[in-house]
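Accompanying notes for the structure given below.
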Amino acid sequence: MMNMKVEMIPNYRIAHVRQVGPYGSTNTQAMGKLKKWAEGKNLLTASTILLGIPQDNPTVTLPENCRYDACIVISKDFQMDDSITEGEFAGGEYVVCQVKHTAEEIQKTWAEIFPAIQNSGYQIDDKPILERYIGDMNNDFCEICVPIKS
């Protein structure tokens, strides 16, 4: 059984790189581009929060129209430049599941997480699902966060 917990994720100010096209390796490119920008601004620390947000459901949206946002949480007083887009992430209640950052484990979790949530009696909310990476876990683990409503 998966290791799931319910967490209130706050609203965040974010900087993001948007990738449009089929989900997969291009998501990694968007995240790479974001990390390169963040590194130049000394934003990658042990407490950095990175979010990967697939904005569309590939079962209903054509692959070439699927939007993926690679995001980094930035402080309220961080001075943005024009080389990257600024946005807001609207938080809320999420089921959070930590997984090993391998394609195999992530795929397995995606397949199991929805039935597991429904069996727990939660309803999935109509908001984007996200992959969250916090500081030091960047390479080994990621968290899959699914929005829920009580």
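Determine the per residue accessible area of segment 12-94 with all protein chains present and a 1.4 angstrom probe, expressed in square angstrom.
I get 55 Å² per residue for segment 12-94.
Enter the angle in degrees (range 0 to 90, nearest 10) between the Cα long axis of helix 25-40 and the first principal axis of the Cα atoms of the chain, meaning the one along which they spread out most.
40 degrees
Run the reach check for K41 against lysines, Cα to Cα strictly under 29 Å, same-chain hits fewer than 8 apart removed. What comes back?
K33, K76, K100
Per the 1.4 Å probe, what fraction of the accessible area of the chain, in percent, lies on carbon and sulfur atoms?
50 percent
With N residues in segment 1-57, what two-decimal value do you get for its Cα radius of gyration over 2.2 N^0.38 Å?
1.34
Just need the relative contact order of the chain here, percent rounded to a whole number, with Cα pairs under 8 Å and 6+ apart.
Taking the mean separation of contacting Cα pairs over the length of the chain, I get 33 percent.
Of all the Cα-Cα pairs you can form in the chain, what percent are over 21 Å apart?
It works out to 44 percent of all Cα pairs.
I'm checking a number: the convex hull volume of the Cα atoms of segment 83-150, normalised per residue, in Å³. What is it?
112 Å³
Mind giving me the nanometre distance, one decimal, between the label points for N57 and T26, set 7 Å out from Cα along Cα→Cβ?
The two pseudo-label positions are separated by 2.1 nm.
Which of the aspartates and glutamates could a cross-linker span from K5 if the Cα-Cα distance has to be under 17 Å and same-chain partners fewer than 8 positions apart are dropped?
Those aspartates and glutamates meeting the cut-off are E93, E112, D125, E131, E143.
The values are calculated or read from the model by the stated rules, or taken from the named source; none is laboratory data. Computed from a predicted model, the values in this text were never measured in an experiment. Backbone-built Cβ (ideal geometry, glycine too); neighbour counts: all protein chains shown. For accessibility, only protein heavy atoms count, side chains too; no ligands or nucleic acids. Shrake-Rupley method; radii C 1.70, N 1.55, O 1.52, S 1.80 Å.
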